[in-house]
Amino acid sequence: MTYAVELKDVSVKYGKIPALKNVSIQIAEGAFLGIIGPNGGGKTTLLKVILGLIEPEAGEINVFGHPHNQMVDRIGYVPQISNFDRDFPISVLDVVLMARLGGRVRFFHQYQKEDLKKAEAVLDQLNLLHLKDRQIGKLSGGQLQRVLIARGLAVEPEILLLDEPTANVDASSTSQIYELLKNLNQDRTIIVATHDMAAVSSYFDTLACLNEKLYHHGDKRLDQETTEQVFGCPVDLIAHGHPHHVFAPHGEEENND
Ligand SMILES: Nc1ncnc2c1ncn2[C@@H]1O[C@H](COP(=O)(O)OP(=O)(O)O)[C@@H](O)[C@H]1O
Ligand SMILES: [Mg+2]
């Protein structure tokens with residue numbers, strides 16, 4: 001079987017500080033995966049390593065069965081909102097158009113007609129077209145997040161990675177964003193990293209807990225103590241049952257060294 005994303009024993013260090021330790025996971029095409037875990041647990045690092053923005057110390061990453069570095073244009077990325085995003089004096093349409101350029105710098109009038117059409121279509125799909133000329137500094141948190149999702153979609157990706165997509169939005173925008181992601185999941189694989197664990201977990205069809213190591217599918221269920229102590233994932237989530245399955249640990253990976 002070809003997986004949308006497959007990691008084999010991936011380890012990442014920043015200098016001497018380990019961020020990911022022997023992380024392996026197979027993510028099926030069409031999955032709606034939530035990667036949950038505490039701050040500093042390595043979620044952002046994991047997304048960046050899939051995107052090829054960070055070189056792992058060890059391990060292998062495949063996307064649709066090929067080395068991930070050859071496949072980056074099949075992946076859309078929605079980074080976590082930073083203050084920098086808000087301060088940048090640029091319109092909603094420009095933000096989405098820039099994704100179409102793939103890093104090539106051009107002036108506005110040199111955009112291809114096709115790029116403009118695609119950018120407007122994506123904004124329309126997300127009910128944002130009426131905001132296309134608005135400066136991004138003048139958007140609400142929820143609107144800005146949806147604009148960044150539009151930017152991630154503008155490259156027509158088969159896999160969409162999102163980093164903390166609800167960290168800067170209120171509760172009603174949070175459910176709006178997850179409804180949107182559920183819709184987008186109908187024809188693409190979606191991977192969301194979030195520390196906002198219990199609040200949003202019911203939307204995902206699979207969950208993985210990450211805190212340096214990753215709890216993933218295996219023959220054993222997560223036990224509550226390990227879940228809470230090692231991964232910082234709430235017991236409720238595991239014990240009181242959502243309709244999805246939770247990744248369980250591989251037998252030999254339980255010893256902490
Ligand atoms: N650029 C960096 N340089 C050094 N350490 C980093 C860097 N980025 C992240 N780290 C460290 O790596 C670990 C994982 O961070 P991160 O992937 O951002 O976790 P999360 O997204 O789950 O909060 C943390 O200990 C963090 O301090
Ligand atoms: Mg992060």
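The values are calculated or read from the model by the stated rules, or taken from the named source; none is laboratory data. All of these numbers come straight from a predicted model, not from anything done at the bench. Cβ sites come from the backbone with ideal geometry, for glycine too, and all protein chains shown count toward neighbours.
Per the listing Q135, Q145, the residue uniquely surrounded by fewer than 19 Cβ atoms within 10 Å (Cβ to Cβ) and either modelled with pLDDT of 95 or more or over 16 Å from R74 (Cα atoms) (or both) is Q135. A single member of L144, L161, L153 is touching a strand residue (DSSP E or B) at 6+ places or on another chain (Cβ under 7 Å), of a type in the set (A, V, I, L, M, F, W, C) and more than 15 Å from A121 (Cβ to Cβ), and it is L161.
The criterion of at least 3 residues that are away from ligand 1 (no atom under 16 Å from the Cβ) and at pLDDT below 95 is met, among strands (runs of 3 or more DSSP E) falling completely within region 1-105, by 17-27.
Of all the numbered requirements in (1) of a type in the set (K, R); (2) surrounded by fewer than 21 Cβ atoms within 10 Å (Cβ to Cβ); (3) under 17 Å from K8 (Cα atoms), R86 misses one, and that requirement is (3). Filtering region 112-152 to residues that are assigned to a loop (DSSP other than H, G, I, E, B) and of a type in the set (D, E) leaves only D133.
When E179 is tested against (1) of a type outside the set (S, T, Y); (2) closer than 21 Å to L46 by Cα; (3) without any contact (Cβ under 8 Å) to a residue 12 or more places away in the chain, exactly one condition is not met: (2).
Applying the condition of being crowded, with 17+ Cβ neighbours inside 10 Å and assigned to a loop (DSSP other than H, G, I, E, B) to region 159-185 and asking which residue is modelled with the lowest pLDDT yields N168. Could you tell me whether R86 is in contact (Cβ under 8 Å) with a residue 24 or more places away in the chain and farther than 23 Å from D196 by Cβ? So R86 fails the test.
Pairs meeting the criteria (first residue in region 42-58 and under 13 Å from I191 (Cα atoms) and touching a residue at least 60 places away in the same chain (Cβ under 8 Å), second residue more than 14 Å from ligand 2 (Cβ to nearest atom) and part of a helix (DSSP H, G or I), beta carbons under 7 Å, at least 6 apart or on different chains) are I50/H68; L51/V72.
When the residues of region 16-52 are filtered to those that are farther than 22 Å from S202 by Cα and in contact with a helix residue (DSSP H, G or I) (Cβ under 8 Å, 6 or more places away or on another chain), the one that is farthest from ligand 2 (Cβ to nearest atom) is N22. Of the residues making up region 155-211, those that are more than 16 Å from ligand 1 (Cβ to nearest atom) and within 18 Å of E6 (Cα to Cα) are P157, E158, I159, L160, R188, T189, I190, D205, T206.
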